[in-house]
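> Questions regarding the structure given below will be posed in turn.
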Amino acid sequence: MTTFITIRLTCPVCATVFTSQAIGSSSHSGQDSDFRPHSLGLDPLPHYVHVCPHCCFAAFEGDFGSAEPSVRRAVLSGAIDADRIIGAEPRGALKGSSRYLLAARCYENDSRTTTLRQADLYLRASWCARQEGRSEREREAQTEAVLYFEKALEEGEVEDGQLQVILYLIGELYRRLGFFEMAIEYLNRSSAVQTKDSDPRMEALIGRQREAALQGRTENMTIS
Ligand SMILES: [Zn+2]
């Protein structure tokens with residue numbers, strides 16, 4: 001069950017003071033095969049990101065303390081593309097996918113942001129878009145997530161303990177996008193990673209998604 005608390009935030013870009021709904025508690029049972037949790041009750045995911053209703057600066061609650069000059073410039077110049085992302089949604093009640101896409105655009109202008117965080121923001125945007133029934137936006141966000149996950153691998157940002165899961169996620173996202181050869185290649189690489197405490201459930205999941213890719217299946221699948 002999901003509970004909310006009302007918080008008061010001050011935008012570090014334009015100084016607007018506003019209230020936002022944050023998550024008090026939440027629980028979930030099961031997940032999709034790209035790790036989107038199945039929440040019990042209202043989906044808490046959109047409410048982890050807060051958006052200034054005036055300038056559209058978007059971030060997690062803990063990052064409202066300050067904004068780097070490069071982030072301020074991007075927000076105030078319109079470079080975060082807020083109008084296109086938001087469309088006709090009311091600014092005081094944005095959908096989850098819009099929140100995460102705005103956050104991704106803000107964080108990409110912040111020098112402290114890791115490539116893995118960017119990948120994760122787009123992955124979460126794709127999860128929200130799926131909930132909202134926006135399949136085109138889901139695919140766009142999945143594509144961005146894949147590119148950032150691959151960049152994180154190239155840059156050596158992925159630690160050994162995360163490697164199997166990240167390779168799996170890239171493979172699974174390629175399967176969902178219909179790039180089956182890439183999906184199989186990454187799922188094979190994921191399967192080949194030797195982990196200290198090998199999880200048989202992870203092995204089984206990789207095998208099942210590899211089979212789905214071999215069969216040319218793109219649909220959403222779940223993990224119990
Ligand atoms: Zn603002």
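The values are calculated or read from the model by the stated rules, or taken from the named source; none is laboratory data. All figures in this text were calculated on a predicted structure; none of them were measured in a lab. Cβ atoms come from the backbone with ideal geometry, glycine included; neighbour counts cover every protein chain shown.
> Residues that are modelled with pLDDT of 95 or more and over 27 Å from Ala104 (Cα atoms): list the helices (runs of 4 or more DSSP H) wholly contained in the stretch 123-224 that include at least 3 such residues.
Helices (runs of 4 or more DSSP H) meeting the threshold: 180-192, 200-214.
> Still on this model: Considering each of Ser135, Ser198, Ser126 in turn, give the residue that is without any contact (Cβ under 8 Å) to a residue 24 or more places away in the chain and either within 30 Å of Ile86 (Cβ to Cβ) or assigned by TED's automatic domain parsing to the domain that holds Leu45 (or both).
Selected residue: Ser135, the only one of Ser135, Ser198, Ser126 that is without any contact (Cβ under 8 Å) to a residue 24 or more places away in the chain and either within 30 Å of Ile86 (Cβ to Cβ) or assigned by TED's automatic domain parsing to the domain that holds Leu45 (or both).
> I'm trying to understand the selection: among the residues of the stretch 206-222, which are more than 13 Å from Leu177 (Cα to Cα), over 22 Å from the mean Cα position of the chain (by Cα) and not hydrophobic (A, V, I, L, M, F, W, C)?
Matches in the stretch 206-222: Gly207, Arg208, Arg210, Glu211, Gln215.
> For the stretch 60-82, check the following and say yes or no: at least one residue is over 17 Å from Ala129 (Cα atoms), surrounded by fewer than 23 Cβ atoms within 10 Å (Cβ to Cβ), within 14 Å of the chain's Cα centre (by Cα) and touching a residue at least 24 places away in the same chain (Cβ under 8 Å).
Within the stretch 60-82, one or more residues are over 17 Å from Ala129 (Cα atoms), surrounded by fewer than 23 Cβ atoms within 10 Å (Cβ to Cβ), within 14 Å of the chain's Cα centre (by Cα) and touching a residue at least 24 places away in the same chain (Cβ under 8 Å).
> For residues that are surrounded by fewer than 16 Cβ atoms within 10 Å (Cβ to Cβ) and either not polar (S, T, N, Q) or not assigned by TED's automatic domain parsing to the domain that holds Arg99 (or both), tally how many sit in the stretch 31-52. Before the answer, list the steps.
Kept after step one, since they are surrounded by fewer than 16 Cβ atoms within 10 Å (Cβ to Cβ), are these residues of the stretch 31-52: 31, 35, 38, 40-42.
Retained after the next criterion (residues that are either not polar (S, T, N, Q) or not assigned by TED's automatic domain parsing to the domain that holds Arg99 (or both)): 35, 38, 40-42.
So the count comes out to 5.
> Sticking with this one: Suppose we filter the stretch 10-30 for residues that are more than 16 Å from the ligand (Cβ to nearest atom), among the polar types (S, T, N, Q) and surrounded by 15 or more Cβ atoms within 10 Å (Cβ to Cβ); how many remain? Reasoning before the result, please.
Here is the first cut: in the stretch 10-30, the ones more than 16 Å from the ligand (Cβ to nearest atom) are 21-30.
In the following step, the residues that additionally are among the polar types (S, T, N, Q) were identified as 21, 25-27, 29.
From the residues that got through so far, the ones that are surrounded by 15 or more Cβ atoms within 10 Å (Cβ to Cβ) too are 26.
The total comes to 1.
> I'd like the full set of residues that are under 26 Å from Ser39 (Cβ atoms), crowded, with 18+ Cβ neighbours inside 10 Å and of a type in the set (D, E, K, R), limited to the stretch 172-224.
Passing the criteria: Glu172, Arg175, Arg176.
> Right, here's the next one. So how many residues does the stretch 31-59 have that are away from the ligand (no atom under 16 Å from the Cβ) and more than 19 Å from Ala125 (Cβ to Cβ)? Working first, answer last.
At the first step, the residues of the stretch 31-59 found to be away from the ligand (no atom under 16 Å from the Cβ) are 31-48.
So of that shortlist, the ones also more than 19 Å from Ala125 (Cβ to Cβ) come out as 40-41.
Qualifying residue count, the stretch 31-59: 2.
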